[in-house]
Amino acid sequence: MTTATTDEVAEEPPAPAAPSDQRERDRMRRRLARRRGGGWWPYLFLAPWFVGLFGLTIYPMLDSLYLSFTDFDLLTPARWVGLDNYTRMFADDPVFWDSVHATLVYVLVSVPLKLALALGVAMLLNRDLKGIGLYRAAFYLPSLLGGAVAVAIVWRQVFGGDGLFNDFLAWFGIKGQDWISSPDSALYTLVLLAVWQFGTPMVIFLAGLKQLPKDVYEAAALDGARPVTRFFRITLPLLTPIVFFNVVLQIIDAFKTFTPAFVISNGSGGPLDSTMLYSLYLYKKGFTDLQMGYASALAWVLFLVIAGFTAVNFVASRYWVHYDD
């Protein structure tokens, strides 16, 4: 009687699983898949955000889009008028164009000045000096006040006929004027207020400056590069992503400016519509004249303009923003 070796023993195929065992395995796989995917729990926790997104953002936007094609005064049902609001806006409303002009001047003047001042102060504060945190907090304080009504009221007093700015000019023998009441200077008092609140971009620039490599500056100093050369050849190119971020945020914020223009002009946009910023005109049409359909059309035009400026910035950033190490 011979004994078969292990090499000669043929491996027997595994026995097929019973149907009940196969169903149990399938259930286990589904349970594991649900656990890995989280099941419905993530959606449950995200439910408040979804409610806010659809109830407070998407639905109001779609509703305002519909109202922009209607004649609606908040007191009677909306009446469909098609493109009449948009036709009136671009062809028969001179105040609309005054608001566009004032807003573009405000944006194109205030944003570059604000960012230039913010970057300059950030570079001055980017030092390890005793008490530097106090100085940083002091420069950031105006931005904490934001677009507060109290700040705009104080600003109106400062640049009034008997304000502190004229008292300052009197020390040098210069006779001032009522800067708020002059159509040639009223808008620029708003620009000056916006530039004064440079704290937010300053903090962002300061964070970017902290990340710049010091060895590059040391090598440039050894090569004899002067501070101005180091700024334009090293600091500014390395900061272009931060500059781009601040440009986008500040342009959007400038287009939406409302409170200073409303308070300084007493809600009129005067004198001679010189401070009639777009958001103030939108507010007047919607809540003073009760032309909510027309105001909705104004709002959508503003939305498209901001989106257009943002898109142009993103396209142009390919040519001047450097993300390389």
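Nearest 10 degrees is fine. How inclined is helix 236-255 to the longest principal axis of the chain, computing both from alpha carbons?
70
Rolling a 1.4 angstrom probe over the protein heavy atoms, how many square angstrom per residue are accessible across the chain?
Accessible area per residue: 65 Å².
I need to check one value: relative contact order of the chain, counting alpha carbon pairs closer than 8 Å and at least 6 residues apart, in percent. Intermediate values should be presented prior to the final figure.
Working: 306 pairs, mean separation 85.0, N = 325.
It rounds to 26 percent for the chain.
Under a 5 Å amide H to amide H cut-off, with H placed in plane at 1.01 Å, what residues pair with Thr70 once short-range neighbours are removed?
Val81
Work out the FRET efficiency for Asp223 and Tyr323 from their Cβ-Cβ distance, taking R0 = 25 Å, and round it to the nearest 0.05.
0.50
Angle, helix 186-196 long axis vs. longest principal axis of the chain, Cα atoms, 0 to 90°, nearest 10?
50
As a test of the formula, what do you get for the chain when each DSSP H run with n ≥ 4 contributes -39,500 (n - 2.57) and the sum is divided by the residue count, at 222 nm and rounded to the nearest 500 deg cm²/dmol?
-20500 deg cm²/dmol
Which of the following values of mean projected area of the Cα convex hull in nm² was calculated from the structure shown: [x] 21.3; [y] 17.6; [z] 37.0?
Label [z] holds the value from this structure.
What is the dipole size for the stretch 93-289, taken about its Cα centre, with +1 at each Lys and Arg Cβ and -1 at each Asp and Glu Cβ, in debye to the nearest 20?
660
For labels at Tyr43 and Gln177 in the simple 7 Å Cα→Cβ model, what's the distance in nm?
Between Tyr43 and Gln177, the label points sit 6.5 nm apart.
What order do you get for 184-195, 79-90 when each peptide is scored by the mean count of other beta carbon atoms within 10 Å, highest first?
So the peptides 184-195, 79-90, ranked by packing, come out 184-195, 79-90.
Along Cα→Cβ, 7 Å out, is where each label goes; now give me the distance between the ones at Leu104 and Lys214 in nm to one decimal.
Once both label points are built, they end up 4.8 nm from each other.
Return the FRET efficiency for the residue pair Leu169, Leu144: r is the Cβ-Cβ distance, R0 is 30 Å, and the value is rounded to the nearest 0.05.
The value I calculate is 0.55.
Any chance you could give the angle, 0 to 90 degrees and rounded to 10, that helix 199-210 forms with the longest Cα principal axis of the chain?
50
Pick from Phe139, Phe168, Phe303: which residue has the top mean-square fluctuation in a GNM of the chain where Cα pairs under 10 Å get a spring?
Per the Cα network of the chain with a 10 Å cutoff, Phe168 tops the list.
Roughly how many debye, to the nearest 20, is the charge dipole of the stretch 90-153 about its Cα centre, given +1 on each Lys and Arg Cβ, -1 on each Asp and Glu Cβ, and no other charges? Mind dumping the intermediate values first?
Working: 4 positive and 4 negative charges, 127 e Å.
Charge dipole, the stretch 90-153, about its Cα centre: 620 debye, nearest 20.
On the protein heavy atoms, probe 1.4 angstrom, tell me the percent of accessible surface of the stretch 93-289 carried by carbon and sulfur.
Numbers: 7010 of 10510 Å².
Taking all protein chains in place, the stretch 93-289 shows 67 percent carbon and sulfur surface.
What nm value, rounded to one decimal, do you get for the distance between Leu272 and Ala116 when each label is placed 7 Å out toward the C-beta?
2.7
The values are calculated or read from the model by the stated rules, or taken from the named source; none is laboratory data. What you see is a predicted model, and the numbers here were worked out from it, not measured in a lab. Positions of Cβ are backbone-derived with ideal geometry, glycine not excepted, and every protein chain shown enters the neighbour counts. Side chains are part of the model used for accessible areas, which takes the heavy atoms of the whole protein and leaves out ligands, DNA and RNA. Shrake-Rupley method; radii C 1.70, N 1.55, O 1.52, S 1.80 Å.
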